[in-house]
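Structure, as structure tokens:
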Amino acid sequence: MLRRIGIIGGTFDPVHLGHLRTAQEALEELGLDRVLFVPAAAPPHKPGREVLAFQHRWRMLELSIAENPHFGLSDLERRLPGKSYTVNSLRKLNEEFPGAKLFFLVGMDAFLEINTWFLFSELFRLAEIVVLRRPGHGEGDVEDFLARKVSGDYIRDPSSGVFTHPEMCPVHYLRNTLLDISSTRIRKLVAQGRSIRYLVPREVLSYICEFDFYALGRDTGFPSARG
Ligand code: ATP
Ligand code: MG
């Protein structure tokens with residue numbers, strides 16, 4: 001029976017080693033039984049850009065997590081009708097895993113705009129939020145943000161570094177290894193005909209090459225440089 005479940009949502013276009021390593025560190029640091037990757041079906045926050053079809057983003061995740069028994073994949077957001085809203089996904093996961101404690105892993109960049117998400121304050125009641133650090137921001141930003149946008153009643157426990165609240169779930173700040181990798185950067189490198197080796201798992205690299213994803217046109221002039 002799963003008691004402590006980490007959830008990492010995202011577009012995963014494509015999944016990269018920043019996601020995977022950070023999820024592994026969260027797993028160990030928070031003593032999770034599993035981390036579930038939940039790719040967004042129709043990302044509400046990516047206007048103006050074509051996102052790769054769900055099946056391809058799914059397949060790359062599947063290839064990436066295959067050998068890790070603590071990682072799982074959920075097609076929840078494809079099953080839910082309409083746009084992918086995290087609040088709906090967390091509600092659904094609470095139903096699917098009764099009795100389990102949910103930990104919602106979210107990168108600092110996404111966390112600092114979480115107040116723009118649909119019914120955002122509900123998120124802080126549905127799961128313990130785990131802020132993953134990314135280059136450029138620190139713990140002070142989490143503290144500020146909570147006080148300004150969520151509630152003035154969070155208190156930081158100095159020994160654990162956890163922000164606790166009388167009614168809402170605790171909020172964590174994970175001191176994960178800083179890996180300055182993003183899917184945006186990977187897509188750009190591919191479009192420039194440059195290598196993405198060591199930024200994504202080997203299987204993802206092969207998959208991207210096989211389908212010729214992210215290239216500006218088929219003829220980038222550097223077809224072999226992506227290896
Ligand atoms: P994009 O550049 O397209 O926004 P991304 O690399 O941010 O892609 P997402 O699919 O948007 O990837 O991210 C899913 C979640 O993982 C988000 O909460 C994001 O902040 C987090 N995340 C992404 N990359 C890292 C990283 N290198 N370290 C820690 N967290 C990350
Ligand atoms: Mg992102």
Seminar exercise, completed: Output for Cβ contacts, cut-off 7 Å, separation at least six or different chains, first residue hydroxyl-bearing (S, T, Y) in the stretch 2-30, second away from ligand 2 (no atom under 15 Å from the Cβ) and modelled with pLDDT of 95 or more, reads T22/N176
Exercise. For the stretch 11-43, how many residues meet the condition of being open to solvent by 10 Å² or more (accessible area, probe 1.4 Å), under 22 Å from R197 (Cβ atoms) and away from ligand 2 (no atom under 13 Å from the Cβ)?
Worked result: 4
Seminar exercise, completed: Exactly one of L52, L80, L2 is more than 16 Å from ligand 2 (Cβ to nearest atom), touching an Asp or Glu at 6+ places or on another chain (Cβ under 9 Å) and either over 21 Å from D180 (Cβ atoms) or hydroxyl-bearing (S, T, Y) (or both), and that residue is L2
Exercise. Of all residues in the stretch 134-184, how many are within 21 Å of the chain's Cα centre (by Cα), acidic (D, E) and more than 30 Å from I196 (Cβ to Cβ)?
Worked result: 2
Exercise. How about the stretch 125-138: which of its residues are open to solvent by 30 Å² or more (accessible area, probe 1.4 Å) and out of contact with any Cys (no Cβ under 8 Å at 6 or more places or on another chain)?
Worked result: R133, R134, P135, G136, H137
Problem set entry | Residue count for the stretch 1-10, restricted to those that are touching a helix residue (DSSP H, G or I) at 6+ places or on another chain (Cβ under 9 Å) and either away from ligand 1 (no atom under 13 Å from the Cβ) or open to solvent by less than 20 Å² (accessible area, probe 1.4 Å) (or both) | 4
Problem set entry | Qualifying helices (runs of 4 or more DSSP H) (wholly inside the stretch 10-92; at least 2 residues being among the aliphatic types (A, V, I, L, M)) | 17-29, 54-65
Exercise. Within the bounds of the stretch 177-185, is there any residue that is in contact with a Leu (Cβ under 9 Å, 6 or more places away or on another chain) and free of Cβ contacts under 8 Å to residues at least 24 places away in the same chain?
Worked result: yes
Exercise. Is at least one residue of the stretch 101-111 out of contact with any strand residue (DSSP E or B) (no Cβ under 9 Å at 6 or more places or on another chain) and within 16 Å of ligand 2 (Cβ to nearest atom)?
Worked result: yes
Exercise. Out of all the residues in the stretch 121-133, which are within 14 Å of ligand 1 (Cβ to nearest atom) and without any contact (Cβ under 8 Å) to a residue 60 or more places away in the chain?
Worked result: L123, I129, V131, R133
For this session: Filter the stretch 124-178 down to residues that are among the aromatic types (F, W, Y) and within 25 Å of F97 (Cβ to Cβ), then give me how many there are.
Result: 3
For this session: Return yes or no: is I181 hydrophobic (A, V, I, L, M, F, W, C) and near ligand 1 (Cβ under 9 Å from one of its atoms)?
Result: yes
Exercise. Just one of the numbered conditions (1) surrounded by fewer than 20 Cβ atoms within 10 Å (Cβ to Cβ); (2) in a loop (DSSP other than H, G, I, E, B) is not true of M168; which one?
Worked result: (1)
Exercise. So how many residues does the stretch 184-202 have that are outside any loop (DSSP other than H, G, I, E, B), open to solvent by 30 Å² or more (accessible area, probe 1.4 Å) and more than 10 Å from ligand 1 (Cβ to nearest atom)?
Worked result: 2
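The values are calculated or read from the model by the stated rules, or taken from the named source; none is laboratory data. Note that the structure is a prediction, hence the values are computed from the model and not measured. Positions of Cβ are backbone-derived with ideal geometry, glycine not excepted, and every protein chain shown enters the neighbour counts. Remember, those area values only see protein heavy atoms, side chains included, never the ligands or the DNA or RNA. Shrake-Rupley method; radii C 1.70, N 1.55, O 1.52, S 1.80 Å.
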